[in-house]
Amino acid sequence: MAIDWTKDMADAVGEERLLLGFEQREKLSKDYYWYSPVLEPLLRDKRADGIVIPESEAQAKAALALAYRERIPVTTRGAGTGNYGQAVPLEGGIVLDLSRLDAVLEVADEYVRVQAGVRLGALEKLLREQGKELRIYPSTYVKATAGGFVCGGSGGIGSIHWGNLWDGNVLEAVVLTLEEEPRRLSVGEAELGAYIHNYGTTGILVELKLPIAPRTAWRQTVAQFDDFESAARFAHAVSLDDAVRKRLVAPVEWPIPSYFRPIAKRLEPGASAVLLETADGSEDALAAHAADFGGRIGYTIPSDQYRKTIGLSDFTWNHTTLWALKTDPSLTYLQSGFHPTDFMRQINLIKETYGDEVLMHLEFMRSAGVVVPAALPIVRYSTRERLYEIIDYFRSIGVSVNDPHTYALELGGRGQLEAMTAAKRANDPRRLLNPGKLHIPVEQAIRSDDR
């Protein structure tokens, strides 16, 4: 462990804000990378040399200035709920834990301004108390931070109506650079592509302006079907029905519903299920759509119980994978995108080829205004070679895959790589921000200023 800079760092940020103990460094150097059996052996022994927990932007800037001077790698951390090793330091250095930059700075009618470390669960609670709510958030919202979601996520609950992070769901950001004198950049919507889903490689995001929506009374419903195709076609019909206001439309193939232990007894054995959050008053429309596809309405949670009990969103997006892993550690997952209308042909080809080796889990969402079936299918893992054979097959039939079994943005991420590499050259001349996660092409690296 490097020790030559620790006294200077303690002087810069305060001794109590620099953690050097092994257990502290081990815990705060990890995220949910172990979802991937490929990443787990690669990252299990990676840890920071120190954890810096600033309580102000000035302290964060002081830590960055010292990191630049001493050439210390810096990996940013929110709550560590990412799944691809985004917050795992590959080259030691410091983890900059921004969880104490958690102030809500402004709540307006149509937006909220917050520091990056604010937890989305606490923010959603505050907003709902004021008649408002978040537009989109991940299934990990109770723990996840605003900055972590923007820098490591893409979509989530609410994306069926509002789209993903690139669809106007981030309005502005404040970013710190890693230079001799760190700059404070105010980044507008046109430049945000360099910072959304960037894993903290292009700058340190410390403040956000996010659009919000009026509070809706959300009713939670499970619709059940004898086969997955009927479930998926019902979900597609509901997703296209603009008369039904919705926050969540997630069809899952049996036996995935059996993994949802807290609600499994309320679900129909052997049935594929669609988990929904829809506005009060949508009950008749949902029942009619279900009947059209041979389904029936099952477990429901009325709107007056919203957030008072475990919700259906706790079993969707990547929480589906978590429940699967709790049931069977040999399972893993993919992240993929199916054709907007021809998705059942693609799904049937996958099922004909792999059977129960691949279990379907879709999340309907909007992307650039178009309703699309995103997917996080559950995969029974045997070998890395077999996993990538499945990925190659997906791609061969026109199913896109954002590989969750790599920590490299250019291989698995879905950010705007050209904008990111340009921002990294400008903001991180010594390439100390989360090194190893974003590779600058050789000809660009040669031109880069190593000031």
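Derivation of every value follows stated rules applied to the coordinates shown; laboratory data play no part. Everything numeric here is computed off the predicted structure, so don't read it as measured data. Note: ideal-geometry Cβ built from the backbone for every residue, glycine included; neighbour counts use all protein chains shown.
Counting only DSSP beta bridges with both residues in the chain, what percent are antiparallel, rounded to the nearest 5?
Working: 58 of 66 bridges.
Taking every DSSP beta bridge with both residues in the chain, the antiparallel ones total about 90 percent.
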(message) Quick check on the chain: helices-only [θ] at 222 nm, where DSSP H runs of length 4 and up contribute -39,500 (n - 2.57) each and the sum goes over total residues. Nearest 500, please.
(response) -8500 deg cm²/dmol
(request) May I ask you to work out the translational diffusion coefficient for the range 6-97 at 10 °C, viscosity 1.306 mPa s, via Stokes-Einstein with Rh from the Kirkwood sum over Cα pairs, reported in whole µm²/s? (result) 120 µm²/s
(request) Give the angle, between 0 and 90 degrees and rounded to the nearest 10, that separates the Cα long axis of helix 318-327 from the longest principal axis of the Cα atoms of the chain. (result) 80 degrees
(message) Would you report the distance distribution of C-alpha pairs in the chain as whole percents per 10 angstrom bin, up to the bin with the largest distance?
(response) 4, 21, 30, 25, 14, 4, 0
(request) Would you mind getting me the FRET efficiency between residue 384 and residue 341? Use the beta-carbon distance for r and R0 = 35 Å, nearest 0.05. (result) 0.60
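Could you order the peptides 251-260, 38-47 from most to least packed, using the average number of other C-beta atoms within 10 Å per residue? Mind dumping the intermediate values first?
Numbers: 251-260: 23.4, 38-47: 16.3.
The packing order, highest mean first, is 251-260, 38-47.
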(request) Let me see the pair-distance distribution of the range 327-415: every alpha carbon pair, 10 Å bin width, integer percents in order. (result) 16, 52, 28, 3
(request) Tell me the Kirkwood hydrodynamic radius of the range 201-301 in angstroms, computed as one over the mean inverse distance between distinct C-alpha pairs. (result) 14.7 Å
(request) Could you work out the equivalent-ellipsoid semi-axes for the range 163-209, taking the square root of 5 times each eigenvalue of the Cα gyration tensor, largest first, in whole Å? (result) 20, 11, 7
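For a footprinting-style exposure proxy, rank 310, 51, 378 by other Cβ within 10 Å, fewest first.
On the way: 310 12, 51 22, 378 27.
In order of increasing Cβ crowding within 10 Å: 310, 51, 378.
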(request) Starting with the fewest neighbours, write out 236, 161 ranked by other beta-carbon atoms found within 10 Å of each beta-carbon. (result) 161, 236
(request) May I have the convex hull volume per residue, in Å³, for the Cα set of the range 218-401? (result) 107 Å³
(message) Just to confirm the number: angle between the C-alpha axis of helix 120-129 and the first principal axis of the chain, 0 to 90 degrees, nearest 10?
(response) 60 degrees
(request) Please determine, in degrees from 0 to 90 and to the nearest 10, the orientation of helix 343-354 with respect to the longest principal axis defined by the Cα atoms of the chain, where the helix direction is its Cα long axis. (result) 80 degrees
(request) List the relative contact order of the range 6-97 as a percent without decimals, with contacts defined as Cα pairs under 8 Å and 6+ residues apart. (result) 38 percent
